[in-house]
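> Please read through the structure below; I'll follow up with questions.
The values are calculated or read from the model by the stated rules, or taken from the named source; none is laboratory data. Since we're looking at a predicted model, the values are computed, not measured. Cβ placement follows ideal geometry from the backbone for every residue including glycine, while neighbour counts extend to all protein chains displayed.
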Amino acid sequence: RVLGATLKAGETVEYAMAEGRYGYLVPASGVVEVNGVRIDARDGAAIRNEPVLRVTALEDAELVLVDTAA
């Protein structure tokens, strides 16, 4: 599953990750915070063992999330 989102600075979105799933999140532009971890534009974050992703835009941001089976 591939998802995309556009967030304005200060906006927050949540995404529930099913058990046994992995995620890879990349902000194409802007800076976001994912579960308390800052991720800059074009940096990638490999995600596992997180039941919910809480993404907050620190700047206007466009992001891509890949949700895949383990």
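> Residues being within 12 Å of E11 (Cα to Cα), under 11 Å from the mean Cα position of the chain (by Cα) and not polar (S, T, N, Q): count how many of those fall in region 35-61.
4
> Go through region 43-69 and count every residue that is within 17 Å of V2 (Cβ to Cβ) and either in a loop (DSSP other than H, G, I, E, B) or out of contact with any strand residue (DSSP E or B) (no Cβ under 7 Å at 6 or more places or on another chain) (or both).
Residues flagged as within 17 Å of V2 (Cβ to Cβ) and either in a loop (DSSP other than H, G, I, E, B) or out of contact with any strand residue (DSSP E or B) (no Cβ under 7 Å at 6 or more places or on another chain) (or both) within region 43-69 amount to 1.
> Within region 7-37, work out how many residues are among the basic types (K, R) and within 26 Å of A70 (Cβ to Cβ).
Summing the residues that are among the basic types (K, R) and within 26 Å of A70 (Cβ to Cβ) in region 7-37 gives 1.
> Across region 12-21, what is the number of residues that are of a type in the set (D, E, K, R), exposed (fewer than 14 other Cβ atoms within 10 Å of the Cβ) and in a strand (DSSP E or B)?
Residues that pass the stated criteria total 1.
Residue-by-condition table, conditions (1) surrounded by 11 or more Cβ atoms within 10 Å (Cβ to Cβ); (2) in a loop (DSSP other than H, G, I, E, B):
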| residue | (1), (2) |
| --- | --- |
| A5 | yes, no |
| G10 | no, yes |
| G23 | yes, no |
| A28 | yes, no |
| A41 | yes, yes |
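> Which residue out of A57, A16, A45, A61 is small (G, A, S), at pLDDT 95 or above and touching a Lys or Arg at 6+ places or on another chain (Cβ under 7 Å)?
After ruling out the rest, the residue left standing is A57.
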